[in-house]
Amino acid sequence: MDNAPEIKPRSLWQDAWQRLRHNKAALASMVILALLMAVVCIGPFLSPYSGDAIDWEYIWGEPSLQNQHWLGTDSLGRDVFVRVLQGGQISLLVGIVSTLVSLLIGVSYGAVAGYFGGRVDSIMMRIVDILYALPFLFFVILLMVFFGRHLLLIFVAIGMVNWLDMARIVRGQTLSLKRREFIEAAWMSGASDEQVIKRHIIPNLMGVVVVYVTLTIPQVILVESFLSFLGLGVQEPATSWGALVNEGAQEMDTAPWLLIFPASFLAVTLFCFNFIGDGLRDALDPKDR
Amino acid sequence: MLLEINNLSVTFHRGREQIEAVRDVSLALDRGETLGIVGESGSGKSQTVLAMLGLTDVNGKVTGSAMLDGEELIGLSTRELSRIRGSRVAMIFQDPMTSLNPHLRIGTQMTEVLALHKGMTGQAARTRCIEMLEQVRISDAARRLRQYPHELSGGMRQRVMIAMSLLCEPALLVADEPTTALDVTVQAEILDLLRSLRERYQMAMILITHDLGVVAGNCDRVVVMQDGRVVESADAESLFYRPQQAYTRELLAAVPRLDHP
């Protein structure tokens, strides 16, 4: 035993990372997504045009390299390249922020409900059921009517709805985790409820939660697109991929580039997140261990 | 007496149904003594000790009394119980594969117990953990502290659990089927280890098992449980040679033997 080769200890996360690295689709998706985010942030500064300036010389312009409207212009003569990237900023921001909101609320709510169980659990989960029953669109329209149109409201509206799913998933996982002996062992060593939730329950939930998060981000981006499509989302001159696709769809016969470019950015992003989610699910699957 | 349990009952409510898991159990244990609790699955062995430590599920109701060193345990608040659990009474569980948190290093899990009960942290706590791991005959203890549970074998993990439970030198160790999930050779090693540690630290032990073979060489006294009741209580020797109750005789006869297939 003493002359056994020194094996470096590896946590489950390091293990998962090793496995994820061998998943080509997930790895490629991560690289593409990182590039995409960089382009979305830096890109607008590379173009000589700004997203809300009108080029009177070149309305409905086709993509062209000579006048630096790389992806053409829209019906108002605004540069599509810049607008797609600005829309991307909003879409990704909505996706990530709303998911974080739902993550924060959902995980703590679900963990508490599942951990304490019994009556606490029943009451907390019935509240979730009631909120589930609220029609989403009605809720969004109500928010808009009361508080006016604001980007923040979209974060709130989407986050408010998504945490319900998260809470249910986390609660279910917590219920089964609670039966595991190491939780009992933690109680037995004198740990308080708070310590058990923080040190033992939540870290063990992270595998499932991370997978769910990567699948939620594209879902949220889609929901935002849907809201924008209905005219309830971001307002001009700000834009998002959903809003751009909406505009483009109306003019796809005459100016297809208005639809093609935002739609492909959106599709690539969604694909990437889904591949990463799938890869993570495989990498974190305990059965593979 | 170190531990005196009197008329302890545990009832679970499921809808209108009531399930009496433990009925009117009384037992006593002196310092340094080992008590075996034997019975088939569902006879209330584990529920008895869990109830004493306030670990009964929310839908269970506990009545009766359990005195540890003259202090009543039943009805204590969670906070007061937390002080006792891990420091004066420790427990090891059946399945070492699931009784360690897979996301924490061995060292982190062990030092947590010391921080909780003794306010011991940093290098002092680590030194104490290494000492304890060496006590349970784990080689290369300093390296083990940095490892994760999935890197250790089953027997090794059970040793870690034992080391962890002994960190605060409890007066009473509850071992809930400590060897059931392990293979036979490892079983013998673990039992042997428990025996020597018990002598060294002068602690009392409750050994819960369904395996009469485990009871035979390890216990001073034995309590046989069936359907939540104590059916027979005797010292180990007389139980094996002069069983009084029909159920005990049945249990003894049920032990598989190579010479009487």
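May I ask you to say which residue of B:Gln147, B:Gln123 is away from chain A (no Cβ under 12 Å), over 21 Å from B:Met91 (Cβ atoms) and not β-branched (Val, Ile, Thr)?
B:Gln123
Within the set B:Val62, B:Val49, the sole residue that is over 19 Å from A:Ser192 (Cβ atoms), over 16 Å from the mean Cα position of the chain (by Cα) and surrounded by 19 or more Cβ atoms within 10 Å (Cβ to Cβ) turns out to be B:Val62. Against the list (1) in contact with an Asp or Glu (Cβ under 8 Å, 6 or more places away or on another chain); (2) within 14 Å of chain B (Cβ to nearest Cβ); (3) not hydroxyl-bearing (Ser, Thr, Tyr), the condition A:Ile158 fails is (2).
Looking only at segment A:204-221, residues that are within 17 Å of A:Leu164 (Cβ to Cβ) and either hydrophobic (A, V, I, L, M, F, W, C) or within 14 Å of chain B (Cβ to nearest Cβ) (or both) come to 7 in all. The criterion of being of a type in the set (A, V, I, L, M) and in contact with a strand residue (DSSP E or B) (Cβ under 8 Å, 6 or more places away or on another chain) holds for B:Leu68. In the set A:Arg119, A:Arg126, only one residue is modelled with pLDDT of 85 or more, surrounded by fewer than 16 Cβ atoms within 10 Å (Cβ to Cβ) and within 10 Å of another protein chain (Cβ to nearest Cβ); that residue is A:Arg119.
Among the residues of segment A:228-255, those identified as free of Cβ contacts under 8 Å to residues at least 60 places away in the same chain and buried (at least 20 other Cβ atoms within 10 Å of the Cβ) are A:Ser228, A:Val245, A:Asn246, A:Gly248. The criterion of at least 2 residues that are among the acidic types (Asp, Glu) is met by the following helices (runs of 4 or more DSSP H) wholly inside segment B:162-261: B:184-201. As a summary of the residue check, B:Gln147 satisfies the conditions (1) out of contact with any helix residue (DSSP H, G or I) (no Cβ under 6 Å at 6 or more places or on another chain); (2) surrounded by 15 or more Cβ atoms within 10 Å (Cβ to Cβ); (3) under 21 Å from A:Ala186 (Cα atoms) except for the one numbered (1).
Just checking, does segment A:102-118 include any residue being part of a helix (DSSP H, G or I) and closer than 18 Å to A:Glu224 by Cα? Yes, some residue in segment A:102-118 is part of a helix (DSSP H, G or I) and closer than 18 Å to A:Glu224 by Cα.
At least 2 residues being crowded, with 20+ Cβ neighbours inside 10 Å is the threshold, and among the helices (runs of 4 or more DSSP H) wholly inside segment A:129-227 those reaching it are A:151-178, A:181-188. Taking residues in segment A:212-223 that are closer than 13 Å to A:Ala267 by Cα, and partners anywhere that are at pLDDT 85 or above and of a type in the set (A, V, I, L, M), the pairs with Cβ atoms closer than 6 Å and at least 6 places apart or on different chains are A:Pro218/A:Leu270.
For every residue, the table says whether it meets (1) within 10 Å of chain A (Cβ to nearest Cβ); (2) of a type in the set (Asp, Glu).
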| position | (1), (2) |
| --- | --- |
| B:Ala66 | no, no |
| B:Leu73 | no, no |
| B:Leu81 | yes, no |
| B:Ser87 | yes, no |
| B:Ala90 | yes, no |
| B:Thr98 | yes, no |
| B:His103 | yes, no |
| B:Glu112 | yes, yes |
| B:Leu116 | yes, no |
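Of the numbered criteria (1) over 20 Å from B:Ala28 (Cα atoms); (2) of a type in the set (A, V, I, L, M, F, W, C); (3) buried (at least 20 other Cβ atoms within 10 Å of the Cβ), the one B:Val223 fails is (1).
Which members of segment B:18-43 meet the condition of being among the hydroxyl-bearing types (Ser, Thr, Tyr) and within 14 Å of B:Val174 (Cα to Cα)? If the condition is that a residue be among the hydroxyl-bearing types (Ser, Thr, Tyr) and within 14 Å of B:Val174 (Cα to Cα), then B:Thr34 is the only one that fits.
Every test in (1) away from chain A (no Cβ under 12 Å); (2) buried (at least 19 other Cβ atoms within 10 Å of the Cβ); (3) of a type in the set (A, V, I, L, M, F, W, C); (4) over 27 Å from A:Leu12 (Cα atoms) is passed by B:Val184 save one, and that test is (2).
Each row is one residue, and each column tells you yes or no for (1) in contact with a Cys (Cβ under 9 Å, 6 or more places away or on another chain); (2) modelled with pLDDT under 90; (3) not in a loop (DSSP other than H, G, I, E, B).
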position: B:Thr11; (1), (2), (3): no, no, yes
position: B:Ala21; (1), (2), (3): no, no, yes
position: B:Gly36; (1), (2), (3): yes, no, yes
position: B:Ser41; (1), (2), (3): no, yes, no
position: B:Val62; (1), (2), (3): no, no, yes
position: B:Met67; (1), (2), (3): no, no, yes
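Right, B:Gly217: small (Gly, Ala, Ser), over 16 Å from the mean Cα position of the chain (by Cα), surrounded by 15 or more Cβ atoms within 10 Å (Cβ to Cβ) and more than 10 Å from chain A (Cβ to nearest Cβ) or not?
No: the conditions fail for B:Gly217.
The values are calculated or read from the model by the stated rules, or taken from the named source; none is laboratory data. What you are looking at is a predicted structure, and each value in this text was computed from that prediction instead of being measured. Here the Cβ is made from the backbone with ideal geometry for all residues, glycine too, and neighbour counts use every protein chain on show.
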